[in-house]
Every structure is written in C-alpha cells, then in structure tokens.
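Student: This is the structure I have questions about; it appears just below.
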Amino acid sequence: MALQVFTATTGAAWESELVGALDRADHGVVVVRRFVDLADLLAAAGTGTGQAVLLSAELRRLDGDAVARLVAAGVAVVGLVEPGDDAAADRLRLLGVGRVLPADTDAAGIAAALRAAVAGPAATAGGHDVADPRAALPALGVPDDPAARPASRGRVVAVWGPTGAPGRTTVAVGLADEAARLGVATLLLDADVYGGVVAQVLGLLDESPGIAAAARQATAGTLDVPRLARLAWAVSPQLRVLTGLARADRWPELRPAAVGTVLEQARGLTALTVVDCAFCVEEDEELSFDTAAPRRNGVTTTVLEQADTVLCVSGADPVALQRTIRALGQLRDVLPGVEPVVVVNQLRRGPVPGDPEQEIGAALTRFTGARVAGFLPADRRGTDTALAAGRTLAEVADRSPLRLALRSLAAELAGVPAPGRPRRRR
C-alpha cells in the first residue's frame, strides 16, 4: 500500500516537480494533499488521512509546538530546505524535525526518508546525518568559551515529590549548590508550573525572563546553548540558575515540547542539570477537550521522562509517607518506565515511633516496592536562616547535618568523590 503524504511548502519552484516525481508508483508514495497554510495542515493531521508530511523551512508560522502537534497526531515529519541553506536546516532541527534533506534530493531518496520517518526513530539517510541534531550543537559552559565545554553530554536530575511541601525546592537548591561547590558545572532549573520559588529562595529577581524566555525561543527554533547561558543567572563560577514563572497563571507559556528542547540544550551547557518539578502528573486536561489542548502537567511528565535520575522527595511523618505512597502509585500508572529514587527529607524523632530510618524504610519498601536511597535530617534553624538571607545552606551553616547529607548525595549524583567532613575549629 502506498504511503500517504502531505506537503506543506510556500510555493517553492521545486515543489510541483517533486510532487509529480513522488506520485510515481515505483516510489510507493502518494501525495494526498498539498498545503500552503499551517492551520489547514494541523487540522488535516488529526483526520488520519496522512502518515507523513514534507515541510518546507519557509512555511509561515511554523514553530516547535506545531511540529509537536504533528508528531502527536501520528504524522511523521521530514523537512526540506534549499540546497546549501544551513541556517534553515538548523532551524528545522531545533524545532524538532529529525530528518532534514536538501530540496534537490532525488525522489527515491525523499521517499526512503519518508518511509524511515514513519517506521521509527531517526537514522542516517541520503548521505546526511539526520539523527537527533541537538547532539551536534556546541556545548559551552559560558557563551562562546570552548574551554568550558563539558567533556560529555550532561546529566539531568529531576527533583519531584508529592503534594504537601516535602521540601522539593530545598533539596533541589541544596543539590545544585553542593554539586557546584564540588567543581561540577551545574544548572538549576525551576520548572514548577504551580508555584516555583527558586528565585525567591536564592534572593534573585523573579521577574527575570528565565524558563519562559527559553521556552519561547525553543518554540521559535532559535534556542541554542549560548542563548540559554545568557538567560540563566550566574550565581557562582560553577552554578547557573534558570528562574521559573513569576506567576502560576502563566503556565500556558511552558509547552512540554519546548521544555524538552530546553533540557536538551541544558545538557550541552553544563555537566549536571537539577530540575525542580511540580508535584502533579495527572493528565486530566485531555479529558475536557476534543482537540489538542494545553497540558499544564505535561511539563512535569516531560522532565520526568527525559531525566537520567528522578528523585522522589518524601517527608518523614505519617501523612507525608501516605502521600508519597499514593504519588508513586500514580506515577507508575502515568509513566510506567520511570523508576524514581526515594529520598526521605526532614527526618527526625517523634512523628514515627522507634528507629525512624528503619521504620520508614520498611514501610516504603512494603507498600511501594521502592528502596529508600537516602535520609536527609531535619534542620529547621539552618533552613530558616538560609531562607531569611536568600542564601544557600552551605553559606549560612556549613556544618549543618542537612548540608553534609546533601553534599554526599550531590557527589553521588554527579559521579565525583564525596569530600570528608569539615574539621571543627578550636
């Protein structure tokens, strides 16, 4: 059966000739509709009449969100650019188009690329590297500074947990700060769509562009590593911070596909990216709409799916543990492939009888099957002092037991040796 294909161009000179060549029976491809307007293309994509689309780089109003909607509708995307137009090819790749070919590629090569796009993940075809293009972007620790590039693709750690303030932001900020103090180039990213407060915790201006500006550039296909570096605050030589939304009602500005692109660029900027996530992973928005709708929780699920490590932060009292058990069960239903690492925060004697580490560890293993990877002791005095000063725990209480536990956990996540305990002064 012939592959049914859409074309969406701006009336390029080569378009008519290409359509005629593709319609030949020996290529196994038939062009069912030709579009010059993006809105019409997106409407047709939802009807199931086309399996793939040939996109021109000059298509008006084309952005990353449109490419994501095409892919979500089951339409594979192949980009075409004028021969030698590297800028247009790079833009399509930044928008999420995995296969980009010059327009002078013969019909057989284009038909093969279309079939490969429908069949599965991107691969090399027609002599061009059409794998994930973001892996080839320059990796810069600071804008235009090749000496500061990470030696390999950076890691992403998502800090997530149930509702009820178990201390996700405290853990995320502490891990990022301690990793930076261990000499690891780190980016702290606030992706909480319900109430991100990383900027306030660190005493930064919450009106800075931050993740919203990065997402806009990602949607437009203009975000790269140097631009991401310029949007992030340089808190210390090894720590950058990309602040979150100033108001929770601005969540529609963060589309899941755009945030995914931000994470990919972050891997090239620093060796470690720590993401402060929202608590909710429900997919209830889709139940209320017959067409593609904004997904508030899609940002969180995107981060959890793309992260190399997911830390589930739990409180240490019975109510917090019950919430953690329910949240882990829901996470398995929504994202069955994600296996989080549980970290119990605010550990103290009193709420749990007996040995709290033993009792909490046994309870979580029994009801969730998860093993507790670490316990973080409660230090209300240290965290209150840090919050009041807008500084990190290491700056105001360097011998805090919570700070020492966070440092050990950060060393483990970053893959560097854990430092010894600091000596006491006489």
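The values are calculated or read from the model by the stated rules, or taken from the named source; none is laboratory data. All values reported here derive from a predicted model rather than from experimental measurement. Virtual Cβ from ideal backbone geometry, glycine too; neighbours counted across all protein chains shown.
Student: Kindly list the number of the only condition in (1) within 15 Å of Val341 (Cα to Cα); (2) at pLDDT below 95; (3) of a type outside the set (Lys, Arg) that fails for Ala397.
Tutor: Evaluating Ala397 over (1) within 15 Å of Val341 (Cα to Cα); (2) at pLDDT below 95; (3) of a type outside the set (Lys, Arg) leaves (1) as the failure.
Student: Applying the selection to region 378-402, what residues are among the β-branched types (Val, Ile, Thr) and touching a residue at least 60 places away in the same chain (Cβ under 8 Å)?
Tutor: Thr383, Thr392
Student: Report yes if some residue within region 269-278 is in a helix (DSSP H, G or I) and at pLDDT 95 or above; otherwise report no. Write out each step before concluding.
Tutor: Residues of region 269-278 in a helix (DSSP H, G or I): 269.
Next, from what is left, pick out any that are at pLDDT 95 or above: 269.
Yes, because at least one residue in region 269-278 is in a helix (DSSP H, G or I) and at pLDDT 95 or above.
Student: What number of residues in region 321-338 are charged (D, E, K, R) and over 21 Å from Gly167 (Cβ atoms)?
Tutor: 2
Student: Follow-up. So, in region 57-80, exactly how many residues are over 24 Å from the mean Cα position of the chain (by Cα) and either surrounded by fewer than 24 Cβ atoms within 10 Å (Cβ to Cβ) or in contact (Cβ under 8 Å) with a residue 60 or more places away in the chain (or both)?
Tutor: The number of residues fulfilling the criteria is 4.
Student: Among (1) free of Cβ contacts under 8 Å to residues at least 60 places away in the same chain; (2) surrounded by fewer than 24 Cβ atoms within 10 Å (Cβ to Cβ); (3) touching an Asp or Glu at 6+ places or on another chain (Cβ under 9 Å); (4) in a helix (DSSP H, G or I), which single condition is Arg250 missing?
Tutor: Every condition holds for Arg250 apart from (3).
Student: Taking only region 215-235 into account, find how many residues are over 12 Å from Thr270 (Cβ atoms) and more than 17 Å from the chain's Cα centre (by Cα).
Tutor: Residues that pass the stated criteria total 4.
Student: In region 161-230, which helices (runs of 4 or more DSSP H) lie fully inside it and hold 1 or more residues that are buried (at least 24 other Cβ atoms within 10 Å of the Cβ) and without any contact (Cβ under 8 Å) to a residue 60 or more places away in the chain? I'd like the intermediate steps shown before the answer.
Tutor: Numbers: elements: 168-181, 198-201, 210-220.
Helices (runs of 4 or more DSSP H) meeting the threshold: 168-181, 210-220.
Student: Output the number of residues of region 334-356 satisfying the condition of being surrounded by fewer than 14 Cβ atoms within 10 Å (Cβ to Cβ) and over 26 Å from Leu413 (Cα atoms).
Tutor: The total comes to 5.
Student: Then there is this: So, restricting to helices (runs of 4 or more DSSP H) that lie completely within region 1-86, which ones have at least 2 residues that are among the aliphatic types (A, V, I, L, M), farther than 30 Å from Glu253 by Cβ and modelled with pLDDT under 85?
Tutor: In region 1-86, 15-22 are the helices (runs of 4 or more DSSP H) which contain 2 or more residues that are among the aliphatic types (A, V, I, L, M), farther than 30 Å from Glu253 by Cβ and modelled with pLDDT under 85.
Student: Residue check, Gly369 against (1) on the phi > 0 side of the Ramachandran plot; (2) in contact (Cβ under 8 Å) with a residue 40 or more places away in the chain, all met but one. Which one?
Tutor: Gly369 satisfies every listed condition except (2).
Student: To continue, here is another question. Among Leu364, Leu402, which is part of a helix (DSSP H, G or I), in contact with an Asp or Glu (Cβ under 9 Å, 6 or more places away or on another chain) and not acidic (Asp, Glu)?
Tutor: Answer to the selection: Leu402.
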